[in-house]
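Visitor: One structure is given below, represented as structure tokens, and several questions about it will come after.
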Amino acid sequence: MILVAQVSDTHFDLGARNTERVERVMRFLTGLRHRPDAILLTGDITDSGKAEQYSDARAAFHTDIPVHAIPGNHDDRANFRTAFLGLPASDEPFNQVHRIGRSTVVLLDSSVPGEAAGRLSDETYAWLRDTLDDAAADGPILLALHHPPAHLFSPVVDEISLVDPGPLAALVAGDERIVGILTGHAHTSAATTFAGRPLLVGPSTASVLGAEWELDLPHHVMDYAPDPAIALHVIDENHRLTTHFRSVPMGGRVGVQPN
Ligand SMILES: [Fe+2]
Ligand SMILES: [Fe+2]
């Protein structure tokens, strides 16, 4: 089996609060008896894309566990590459593929510079087709992107979700190796389906955004009281995907006690 931790919407903003919440989450993950094989950051690493915010994020995510990240709408592609990843500057979409055991994890950059909603560019679709062609024929595939491609009954996020998800749905429906799609952006833990596969929305470590049965817009938008939360995804030897959503207490015991 492989175990992939998803940490999303950390919104590093140069304040202590959001940094401390990620530090607590990282202590939880690195202290697990079975540590994750990889940590996926599904966007909105920073609150406003500043280089100093990425420096804070880079320090908080420093670990010997592989960390793979994609930008969200609050990120800045150029600073994301240079200040967070130490790569040359570029405004091109940041798409990546990683092999984890027998599984392939494909991370798609759905951010659109200057916009809150997401879109996959023609260039990203071409890259995705080539990547799927090259992936192991018998290995499971996880897709990850920031913007959910489905309706989530979230009045705020449904207005700024993935635009024109049809081509992605066709690709997913036509590839039986794809076992699930992971997103962030919604600041809530949610599960639905997309093109017949599980669509799992990882929570934010920074805040919780209520759904339509809870929100009283514009008075009540974000809830900052809950503890930070993450998702833990397992792919077993039968290629079945199982997900646990886990809050990490800021005040209480963290991690697994020996015996
Ligand atoms: Fe966010
Ligand atoms: Fe977002």
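Visitor: With of a type outside the set (D, E, K, R) and at pLDDT below 95 as the only criterion, which of Ser103, Ser90 stands out?
Guide: That would be Ser90, the only listed residue that is of a type outside the set (D, E, K, R) and at pLDDT below 95.
Visitor: Any residue that is touching a helix residue (DSSP H, G or I) at 6+ places or on another chain (Cβ under 9 Å) and exposed (fewer than 14 other Cβ atoms within 10 Å of the Cβ) - is there at least one of those in the stretch 42-61?
Guide: yes
Visitor: Looking at (1) crowded, with 16+ Cβ neighbours inside 10 Å; (2) at negative phi, find the lone condition where His187 falls short.
Guide: Looking at each condition in turn, His187 falls short on (2).
Rundown of residues vs (1) surrounded by fewer than 19 Cβ atoms within 10 Å (Cβ to Cβ); (2) at pLDDT 95 or above; (3) in a helix (DSSP H, G or I), yes/no style:
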{"residue": "Val7", "(1), (2), (3)": "no, yes, no"}
{"residue": "Arg21", "(1), (2), (3)": "no, yes, yes"}
{"residue": "Met26", "(1), (2), (3)": "no, yes, yes"}
{"residue": "Leu32", "(1), (2), (3)": "yes, yes, no"}
{"residue": "Ile39", "(1), (2), (3)": "no, yes, no"}
{"residue": "Thr63", "(1), (2), (3)": "yes, yes, no"}
{"residue": "Ala69", "(1), (2), (3)": "no, yes, no"}
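Yes/no per residue for (1) of a type in the set (D, E, K, R); (2) away from ligand 2 (no atom under 14 Å from the Cβ); (3) open to solvent by 70 Å² or more (accessible area, probe 1.4 Å); (4) assigned to a helix (DSSP H, G or I):
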position: Thr104; (1), (2), (3), (4): no, yes, no, no
position: Ser111; (1), (2), (3), (4): no, no, no, no
position: Gly114; (1), (2), (3), (4): no, no, yes, no
position: Glu123; (1), (2), (3), (4): yes, yes, yes, yes
position: Arg129; (1), (2), (3), (4): yes, yes, yes, yes
position: Asp133; (1), (2), (3), (4): yes, yes, yes, yes
position: Asp138; (1), (2), (3), (4): yes, yes, yes, no
position: Leu143; (1), (2), (3), (4): no, yes, no, no
position: Pro149; (1), (2), (3), (4): no, no, no, no
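Visitor: Please specify each residue of the stretch 201-222 satisfying the condition of being within 16 Å of ligand 2 (Cβ to nearest atom) and assigned to a strand (DSSP E or B).
Guide: Val201, Ser204, Val208, Leu209, Met222
Visitor: Give the residue, chosen from Thr243, Thr205, that is within 16 Å of the chain's Cα centre (by Cα), of a type in the set (Ser, Thr, Tyr), within 16 Å of ligand 1 (Cβ to nearest atom) and surrounded by 13 or more Cβ atoms within 10 Å (Cβ to Cβ).
Guide: The unique qualifying residue is Thr205.
Visitor: Test Glu159 against the stated conditions and say whether it is within 16 Å of ligand 2 (Cβ to nearest atom), open to solvent by 60 Å² or more (accessible area, probe 1.4 Å) and not in a strand (DSSP E or B).
Guide: yes
Visitor: Assess whether Gly86 counts as being away from ligand 2 (no atom under 16 Å from the Cβ) and not in a strand (DSSP E or B).
Guide: yes
The values are calculated or read from the model by the stated rules, or taken from the named source; none is laboratory data. Computed from a predicted model, the values in this text were never measured in an experiment. Heads up, the Cβs are rebuilt from the backbone with ideal geometry, glycines too, and the neighbour counts pull from every protein chain shown. What goes into the accessible areas is simple: the full protein's heavy atoms, side chains included, and nothing from ligands, DNA or RNA. Shrake-Rupley method; radii C 1.70, N 1.55, O 1.52, S 1.80 Å.
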